[in-house]
Amino acid sequence: METHHPHAHDPRVFDGLVERARGLCVPGRRSLLGIAGAPGAGKSTLARRLVGRLVERHGRDAAALVPMDGFHLAQAELERLGRADRKGAPDTFDAAGYVELLARLRAARPGVVVYAPVFDRSLEEAVAGSIGVPPEVELVVTEGNYLLHDDPSWAPVRPLLDEAWYLDPDPEARVRRLVERHVRFGKERAFAQRWVERSDEVNARLVARGRDRADVVLAYDVFGPAETGSPSEP
C-alpha cells in the first residue's frame, strides 16, 4: 500500500493520478478503478474530475463513472425494514446488486450497453438506468463508502477492482463539508450536525477499517480552498 501526503492543491498531484488511472487500461479488456473513503472525503469530486480529464485527453471511450450510491435502497423499503434513520449505513444499500453490476462491467460484451442507477439527492432516491456504459469504454471508475468494507456482503467488491484508492483528508474539514452539504439540501443546521454525529461519523469509522486494503492512500484534500464540497459527494 502506498501513502501519499502531497501538497493539497498541487496540479501535478492530479495529473499523476490521471496517468496512474490511465495506466490501468489494458488492450482487449476493461479495467475497474475504485475510490473509497469516508462520507465527505471527496470521492465523487475526484472521480468526476478524473473521468473528465481522461475523456478530454483520450476520447469518450477512455473512462466512465459509475457511483456506488445508485444502490441505495428506496426510502419506502428502508422504512419497511426500520432502517430509515440509518440511511447510508452498509445495510441500507443493495450490496449484492452492486457486486453483480461490477461483474457485468468487468465482463464487457460486444454490442451490450450496461446500465447503472444513480442516486438523485433532490429526490433522495436512486433512479434506475441512468448511466449507460458502452462495451468500448476502457476504464470504469466507481466510488463509494464501502468498496473496501470487510462485511461479507461487501467483501466481493474488492477482488473486482484492478486498483483501489482510499481518500483520507483532514477529518475536521470533512465533517464541516458534511454539515454544509446537509444544510444545502434542506436540513436545519442543528439537525444536520446531529445527523453527521450519529450517522455519517458512525459510518466513517466502519469505512476506515478498509483503509489498509487500498493500493493507494491519498492523505490530502481534493477540494480547492473556496470549495465546501460537491452536492453529489457521498
Task: Failed item, numbered, when GLU172 is tested on (1) open to solvent by 10 Å² or more (accessible area, probe 1.4 Å); (2) in a strand (DSSP E or B) - done: (2)
- [ ] Report, ordered by the first and then the second residue, all pairs with beta carbons closer than 6 Å, sequence separation of six or more or different chains, a first member in segment 48-73 that is crowded, with 16+ Cβ neighbours inside 10 Å and in a loop (DSSP other than H, G, I, E, B), and a second member that is of a type in the set (Asp, Glu) and at pLDDT 95 or above.
- [x] ALA62/GLU138; PRO67/GLU143
Task: Members of segment 92-113 that are out of contact with any helix residue (DSSP H, G or I) (no Cβ under 8 Å at 6 or more places or on another chain), of a type in the set (D, E, K, R), surrounded by 12 or more Cβ atoms within 10 Å (Cβ to Cβ) and over 17 Å from HIS149 (Cα atoms) - done: ARG104
- [ ] Sort through VAL222, VAL217, VAL196 and tell me the only one that's of a type in the set (Val, Ile, Thr), modelled with pLDDT under 75 and not in a loop (DSSP other than H, G, I, E, B).
- [x] VAL196
Open item on the list: Tell me yes or no: at least one residue of segment 133-150 is at pLDDT 80 or above, under 23 Å from ARG29 (Cα atoms), open to solvent by 70 Å² or more (accessible area, probe 1.4 Å) and not in a loop (DSSP other than H, G, I, E, B).
Closed with: no
TODO: Kindly indicate whether ALA41 is farther than 29 Å from ALA219 by Cβ, at pLDDT below 95 and out of contact with any Cys (no Cβ under 7 Å at 6 or more places or on another chain).
DONE: no
Open item on the list: Can you tell me which of (1) over 16 Å from the mean Cα position of the chain (by Cα); (2) at pLDDT 85 or above; (3) among the aliphatic types (A, V, I, L, M) is the one ALA190 doesn't meet?
Closed with: (2)
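The values are calculated or read from the model by the stated rules, or taken from the named source; none is laboratory data. Being a predicted model, the structure only gives us computed values, none of them experimental. Don't worry about glycine lacking a Cβ; one is built from the backbone with ideal geometry, like all the others, and counts go over all protein chains shown. All accessible areas refer to the heavy atoms of the entire protein, side chains included, with ligands and DNA or RNA removed. Shrake-Rupley method; radii C 1.70, N 1.55, O 1.52, S 1.80 Å.
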